[in-house]
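Read the structure below first, then the notes.
The values are calculated or read from the model by the stated rules, or taken from the named source; none is laboratory data. This is a predicted model, so every value here is computed, not measured. Quick reminder, even Gly has a Cβ in these numbers, built from the backbone with ideal geometry, and neighbours come from all protein chains shown. Accessible surface is based on the protein model in full, side chains and every heavy atom, while ligands, DNA and RNA are left aside. Shrake-Rupley method; radii C 1.70, N 1.55, O 1.52, S 1.80 Å.
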Amino acid sequence: MNVKPLSAPPAAKLTKQEQRKKDLQKLLHRIYNARQLYLIILIPFIYVIIFNYVPMYGVQIAFRKYNPMLGISHSPWVGLANFTRFFGVYNCWRIIINTLTLSVYGLLAGLPVAVILALGLNSLRSQAYKKTIQMVTYAPYFLSVVVLVGLLTQVLSPQYGLVNRFLELLGMESIDFMGSASMFPHIYVWSGVWQGAGYSSIIYLATLSSVDPELHEAARIDGANMWQRIWHIDLPGIAQTIIVLLILDMGKVLSVGFEKVYLMQKPLNLQTSEIVSTYVYKVGLTGTADLSYGAAVGLFQSLVGLVLVVTVNQISRKVSETSLW
């Protein structure tokens with residue numbers, strides 16, 4: 001006689017509340033098992049919350065007529081009046097154009113120099129020569145902005161600067177470089193390239209170190225020279241890194257460094273040296289000290305950066321399939 005084995009009774013179907021409770025228990029169990037990892041990220045998480053998210057409460061100053069005696073919450077609400085006021089200023093677009101000029105000019109000049117320097121250093125066979133060039137190119141990065149501007153002032157001085165002494169030896173008249181509005185963008189950008197090229201090349205050198213050496217060996221066997229190997233192996237190897245850094249830099253288009261511009265700024269070069277950062281400082285912290293107006297201009301600067309990052313990221317994803325997210 002054949003007897004069928006008894007089958008297990010069907011499991012009782014859990015209610016939604018019981019299922020949520022079970023999922024929560026599983027989540028807590030996974031967190032407990034990885035508690036060391038969660039403790040490691042706890043401090044950075046708290047840092048981001050305190051210094052990045054909590055200050056967002058103060059963003060509403062840009063939409064109020066802020067009065068320190070009344071506080072943020074009780075200051076009268078003015079909506080977009082501060083933004084409208086900025087776009088109504090006679091030199092608004094000149095300030096924006098100056099900021100874009102310095103930022104884009106610096107990006108177009110600095111990125112290729114850093115890439116070329118990294119490719120050149122990676123191709124050197126002499127380690128002693130390579131380390132010497134690295135030391136010479138990295139050293140300017142550790143100069144403070146004040147020291148750098150002081151050096152520029154001394155070297156380009158119309159009275160005793162080395163450049164003007166050389167021009168006088170050639171029979172030419174001395175030039176007030178630091179007081180020239182047309183010369184200001186070039187001095188600002190190329191001094192920045194000189195200071196930061198070595199440091200900016202580090203990340204490209206790190207990426208180049210991950211390129212498979214067998215590719216170069218195969219290229220040598222096929223008769224490729226050094227320039228061909230750089231163009232067809234090294235440059236494609238760092239292409240994704242270049243794109244990612246370019247996307248990140250686009251978010252800083254209106255965030256040109258305040259300290260260096262402010263220290264180099266003179267009444268004679270204000271036509272090209274007045275940027276968003278220096279304007280916010282002057283209207284928000286000096287003179288009338290209109291904090292609401294300064295906050296509105298600063299918020300506009302941040303919003304433009306956010307829009308540019310998102311836009312360039314989407315374009316990069318469609319064109320090269322490389323993006324931040």
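Residues being open to solvent by less than 30 Å² (accessible area, probe 1.4 Å), of a type outside the set (Lys, Arg), touching a Pro at 6+ places or on another chain (Cβ under 7 Å) and more than 27 Å from Ala114 (Cα to Cα) are represented in segment 158-181 by at least one member. Of all the listed residues (Val146, Val113), the sole one being open to solvent by 40 Å² or more (accessible area, probe 1.4 Å), farther than 21 Å from Tyr204 by Cβ and within 31 Å of the chain's Cα centre (by Cα) is Val146. For segment 285-304, a residue qualifies if it is modelled with pLDDT under 80 and among the small types (Gly, Ala, Ser), and the qualifying residues are Gly287, Ala289.
Among the residues of segment 182-192, is any in contact with a Ser or Thr (Cβ under 8 Å, 6 or more places away or on another chain) and aliphatic (A, V, I, L, M)? Looking for residues that are in contact with a Ser or Thr (Cβ under 8 Å, 6 or more places away or on another chain) and aliphatic (A, V, I, L, M), one finds none in segment 182-192, hence no.
When Tyr66 is tested against the conditions (1) open to solvent by less than 70 Å² (accessible area, probe 1.4 Å); (2) assigned to a helix (DSSP H, G or I), the lone failure is (2). The helices (runs of 4 or more DSSP H) located wholly in segment 194-275 that include 3 or more residues which are open to solvent by less than 40 Å² (accessible area, probe 1.4 Å) occupy 239-250, 258-264. If the condition is being open to solvent by 30 Å² or more (accessible area, probe 1.4 Å) and either of a type in the set (Asp, Glu) or not in a helix (DSSP H, G or I) (or both), then segment 76-94 contributes Pro76, Trp77, Val78, Leu80, Val89, Tyr90. All conditions in (1) part of a helix (DSSP H, G or I); (2) over 17 Å from the mean Cα position of the chain (by Cα) hold for Leu303, with the sole exception of (2).
Checking Leu37, Leu28, Leu117, Leu108 one by one, the residue that is out of contact with any helix residue (DSSP H, G or I) (no Cβ under 8 Å at 6 or more places or on another chain), under 30 Å from Phe184 (Cβ atoms) and outside any loop (DSSP other than H, G, I, E, B) is Leu108 and no other.
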